[in-house]
Amino acid sequence: IASRMQNFAAHGATLLINLASSLTDMDANLKGSTIHLDYMVNGQFMSEPMNVAEACGGMRMLMAFLALGVALAFLFPRQWWQRLIMVALAAPIAIFVNALRVAVLGWLHLIDKTLSQGDFHVFVGMLMLIPAAGLLMLVGWCLEKVVIIEGKPARGPAPLPFDNDPEQVHLEPKPIAHGLGVGLVALAVFAAVEVVFLQSILPALGISTVFAGKFNLVGALSQLALHLTLAVGVWLAVRMILRKPRKMVVFGSACGMLLAGLLTHAAIIQYTGIALSKLPLDLRHPIALEFPDQAGDWQRVHQDPKLSKDVESELGTKDYFNSYYVNNAKGYNKDNVVVHKEMTPFGERLAGWSGIDEPGQFAKVHIAYYTGMLDTVPHVPDKCWIVAGQQLVYREPHLLTLSRDNYRADPQHPNHVLTESTKFGTDVRLPARKLLGDASTGQVSIQIPAIIFSGADPDGNVTTALYLFLANGEAIASSHEVRLSFNLKDKYSYYCKVEVMFPGVVEPAEVQRYAEDLLSDLMPEIMACLPDWTEVQAGTYPLPAGAQP
């Protein structure tokens, strides 16, 4: 949904900018989700790209406008179908207003392009609530003027009885207290039924709940169905017991149910030991500064400088690097491979290379580390490249087999392999989806999942990349799986994206073969930099403040 809304915002803003081009002298061309703006400032022709990032897709704005639509629908007396239409129209209005917001940010380039960045960028988004509210109120006004086919005015809601007249409302402590009691009792029963449901009924059906460890979609949907059923049951029971309850009793019942729900929720979280927010884990060794220039057979020949602050903010982390490696085993090294660099506003960048006549022996490696968060979506090729205007050619999961002579089984952790880091000289554990070989002899290999993605630019040129994630000691292929991989009771969290490309190699099978050779050497160095998850679970990492390592 977020990526679709991102496309709507980009296409809608481009259309609005071009519709107003006769007034603004600004033209827009869309490539992927990047809008290329052409305009004149002080007699000088300017051409600027404006990227519509995923965060600008309007998901947050959609939630805000839905809330605004519900408020405007229910704050005034309306028919039920009028309220339904107002809430339903909140979504398309939000999408339109978000496209208008992006167009406004584009028009701000005519004054000063820095106005489309930073705090003013956020401020423009908040200003869009005003036209959104105006459009929703216009919809409400139109609905009030709707007439029936026979020509008779649509019947408005029945007038409020004197008993419910807001002018006559007086707080009555006794009925509210009775209602509080009803609400607390109702939710006590609710909590008891939920505990039985979670601990007995679902396990008997073979369904694990969200509280069983990692997030479980079936268990979550089952709980949601139970919540809805019990909520309806509580409401019907209150109506049946009280017949025509006075408004103060109903008000008190609602407060009682909210209070009981709050206490029940807090008790369940406390009892189960769930950590709703995760703590960060520092790297054992900084990736950008201490990652080795030599890892097994692979030697680094170039490392890109740090990204700009804006791009770094979009990436979502400051712990990352982009490096280029050559295979020494094939006779390539710093002396016989020439790297061509170019100067950009961000510093030196790799422009090309020469001296390599065998494909797959020159690799680009990107590593980015995230910690203390669950919902940051890392930039992966099947999102970034599509945004940049490429078309999907291939995307499939693969199992990589990594092996070196110094890989050996970990006797204490059956799903891990021990090996030695080349630079740091310590044993590290490698995560494995599957172990291959004979653990008794000590010689083993590991299989880990990865995604291979190919995209084609408008000229038909194909580029292929392989990526995977290392999350809390596990190897995971998809960014969506990362979100569901964390144990709910874990206090800490981290994940690391590893992406490799072999320029000139586009066939997935070839990319996998070369990546297996590269990552067999690089994986021990990566895991030496990351926190050892077995130590984290044992409580020996991170060390307490002031403790000696």
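The values are calculated or read from the model by the stated rules, or taken from the named source; none is laboratory data. The structure displayed is predicted, hence computed values, not measured ones. Heads up, the Cβs are rebuilt from the backbone with ideal geometry, glycines too, and the neighbour counts pull from every protein chain shown. Each accessible area value is taken on the protein alone, full model and side chains, heavy atoms only, with ligands, DNA and RNA left out. Shrake-Rupley method; radii C 1.70, N 1.55, O 1.52, S 1.80 Å.
Taking θ as phi - 60° and the Karplus parameters 6.51, -1.76 and 1.60, the scalar couplings of region 450-465 work out to 7, 10, 10, 10, 10, x, 10, 7, x, 8, x, 6, 9, 10, 10, 9 Hz in sequence order, x denoting glycine and proline.
Based on the alpha-carbon gyration tensor of region 449-549 and its eigenvalue square roots a ≥ b ≥ c, which shape applies: rounded if a/c is under 1.5, prolate if not and a/b is larger than b/c, or oblate? The shape class here is prolate. Computed over protein heavy atoms with a 1.4 Å probe, the carbon and sulfur contribution to the accessible area of region 1-82 reaches 63%. Here the chain is assigned +1 on the Cβ of each Lys and Arg and -1 on the Cβ of each Asp and Glu. Its dipole about the Cα centre then comes out at about 2520 debye.
The residue list MET63, SER354, PRO508 was ranked by how far each Cα lies along the charge dipole of the chain toward its positive end, using unit charges on Cβ atoms, and MET63 comes out on top.
Basic side chains Lys and Arg get +1 at the Cβ, acidic Asp and Glu get -1 at the Cβ, and with that the dipole of region 407-532 about its Cα centre reaches some 520 debye.
When the chain is described by a simple charge dipole with +1 on each Lys and Arg Cβ and -1 on each Asp and Glu Cβ, the residue from VAL41, LEU135, PHE251 located farthest towards its positive end is PHE251.
Ranking VAL536, CYS496, LEU519 by how far each Cα lies toward the positive end of the dipole of region 495-549 (charges on Cβ) leaves VAL536 at the top.
What does the C-alpha gyration tensor say about the overall shape of the chain? Classify as rounded when a/c is under 1.5, otherwise prolate if a/b is larger than b/c, or oblate. Since a/c reaches 1.5 but b/c is at least a/b, the shape of the chain is classed as oblate. Computed about its Cα centre, the charge dipole of region 497-549 is approximately 240 debye, with only Lys, Arg, Asp and Glu carrying charge at their Cβ. A 1.4 Å probe run over the protein chains yields, for region 271-328, 49 Å² of accessible area per residue, whole-number rounding. Spacing of the modelled spin labels on LEU392 and VAL196, each 7 Å from Cα toward Cβ, amounts to 4.6 nm.
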